[in-house]
1. Would any residue of region B:173-207 have its amide N under 12 Å from a label point 7 Å out along Cα→Cβ of B:TRP238? List them or say none.
2. With only alpha-carbon atoms in the gyration tensor, what are the semi-axes of the equivalent ellipsoid for region B:55-136, in Å, largest first?
3. Dividing the convex hull volume of the Cα atoms of the protein assembly as shown by its residue count, what figure in Å³ per residue is obtained?
4. Could you check what % of the DSSP bridge pairs in the protein assembly as shown are antiparallel, to the nearest 5?
5. Rg and Dmax of region B:2-254 over Cα atoms: what are they, in angstrom?
6. Looking only at A:GLY218, A:GLY149, A:GLY47, which one moves most when chain A is put into a Gaussian network model with springs between Cα atoms under 10 Å?
7. Given the Cα-Cα distance of B:ASP161 and B:ALA14 and 0.36 nm per residue of separation, how much length would full extension add, in nm?
8. What is the packing order of peptides A:58-64, A:111-117, taking the mean over residues of other C-beta atoms within 10 Å and listing the highest first?
Amino acid sequence: MPEISQENPPKTVLFRGGGFAPRPNRWAGAALFIALIALLEMGTRSGFITPLTLPRPSDVLSTFIDLWNSGLLWKHLVPSFSRLLIGATIGASFGIGIGILIGLFSLLRAGLVPLVAAIFPIPKIALLPLFVIWFGIDETSKYALIAFGTFTPTVVATYGAVDNVDRSLIRMGQSFSLSWFSIVRKIVLPGAMPGILSGLRISLAIAIILLVAAEMLGAEYGIGAYILEAGSLYNLERLFTGVAILSLLGLGMSAAIGLLEKWLLGWRT
Amino acid sequence: MNLQLKKIGHRYGATDVLQDIDLDIPAGKIVCIVGPSGCGKSTLLRLIGGLERPSTGQVVQIGDPPGDSLNPLTYVFQDFALLPWRSVEGNIRLVLEDHGITNRETEVIISDVLTRTKLTDFRQALPKQLSGGMKQRVAIARALAVKPAVMLMDEPLSALDSQTRELLMDDLVNLWTREAFTAVYVTHNLNEAVRLGHAVVVLSRRPGCIREVVDIDIPLAERTLGHPDLERQQQHLWNLMRDEAMAADQELVNA
């Protein structure tokens with residue numbers, strides 16, 4: 001062993017591990033959000049950003065408060081909510097059902113996967129006129145559009161999730177002579193749940209996009225109608241109020257799924 | 001109930017995995033199957049329990065399983081195969097649910113097997129909270145719950161560290177001593193084989209066929225760590241396997 005000396009001083013070993021492990025940070029998201037809004041507020045107040053480019057955040061807030069006070073907020077939100085709820089529920093349930101069937105039966109998979117792949121990239125908004133002809137101008141066509149739009153991503157996520165269920169658990173079920181139905185209900189379905197829920201996150205965001213699209217075409221009330229009206233009047237404050245409401249809706253949905261995951265997937269490490 | 005393997009052979013595509021396996025599995029005994037890696041011992045176990053169909057030959061059941069046996073051929077897997085979303089109790093309940101047993105009977109069975117595997121305190125725990133040894137105890141409890149006629153154990157201790165393995169081996173010996181069960185025990189660990197097996201079947205490398213069946217007459221309870229006779233048996237088994245293992249190690253995997 002070499003001696004420690006003047007020419008040969010002891011050195012601490014350099015640390016080179018760490019990183020590559022995302023840690024939760026509760027405040028970063030909110031802080032960035034607040035910073036951005038503050039920047040906009042300062043920009044618009046100083047005149048650096050003209051009122052034609054972007055509305056002042058405080059004006060958007062006061063528009064929102066007016067909307068709340070006048071009671072119009074709920075008049076727009078309630079129909080939007082019910083369209084979203086009904087459309088997304090229909091789309092997601094069919095999506096999960098068909099997705100599971102695709103995951104379980106090879107013949108269905110061979111037949112339906114190409115079909116779903118063909119439908120997936122069609123912008124569903126483009127089909128809205130067709131839906132209006134099929135289902136009429138009233139609520140049904142809006143439900144159909146939202147349902148159709150949530151259906152395809154849910155199917156893809158669901159059969160992927162079923163494919164990813166640990167086969168050794170299924171073999172275990174068979175080795176204990178569980179019935180086919182038991183294996184599907186007690187092993188495949190819970191095993192696919194993480195994938196299904198993360199697919200649902202995407203599907204529901206798409207549902208919100210389609211909700212607005214549907215409401216822009218023939219709806220008296222609804223967030224989409226509100227935004228369309230504001231846009232055609234070039235009322236940026238109201239436009240941004242509507243957009244902010246949509247963002248909040250998206251945040252709320254994502255939080256709801258987060259809670260659902262916590263409740264259903266508490267078993268995950 | 002005895003099991004008899006008649007001229008079992010198996011192939012995956014063009015590869016012969018098993019050839020001409022004739023073997024008796026007598027009731028109340030533990031038969032260990034050892035062999036170099038890739039010799040088809042796990043495949044053989046899957047064939048015995050009907051999870052795979054042999055290409056040739058058949059597995060014959062002689063005599064009926066006891067009337068109260070819910071699942072005569074029951075596996076214990078190397079990777080435990082516990083449902084991570086069910087508690088210890090729920091995992092055992094899973095295999096009882098399809099048999100139309102009353103709630104009270106289920107309760108009695110669960111309490112009984114948890115006591116036998118010393119898991120009573122962990123009844124509500126989720127698998128993620130348990131150590132590997134505990135998980136395998138749960139899997140053994142689950143297997144015991146269906147009162148198997150033959151337990152098919154696929155390297156049950158291979159995923160555990162050597163201390164835990166010792167503990168679980170003692171537990172298995174205790175379980176067997178209290179109530180003799182029939183088991184086919186696949187392992188690559190010769191020490192486990194001589195500690196637990198009434199008979200040790202040595203398979204050759206692929207295509208696996210039986211090279212020798214070594215009977216060990218010492219009662220299970222007397223087989224302590226470092227028992228001279230066992231050491232000798234283990235040495236004998238190693239001598240049988242050494243060249244095979246070396247050749248198997250140097251084989252190219254034709255994917």
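1. So the set is B:190-191.
2. That gives 26, 18, 11 Å for the three semi-axes.
3. Output value, Cα hull per residue: 275 Å³.
4. Among the beta bridges of the protein assembly as shown, antiparallel pairing accounts for roughly 50 percent.
5. 18.3, 56
6. Highest fluctuation among the options: A:GLY47.
7. In short, 49.3 nm is gained.
8. A:58-64, A:111-117
The values are calculated or read from the model by the stated rules, or taken from the named source; none is laboratory data. In this text, all values refer to a predicted model and were calculated from it rather than measured experimentally. All Cβ positions, glycine included, derive from the backbone under ideal geometry; neighbour counts span all protein chains shown. For accessibility, only protein heavy atoms count, side chains too; no ligands or nucleic acids. Shrake-Rupley method; radii C 1.70, N 1.55, O 1.52, S 1.80 Å.
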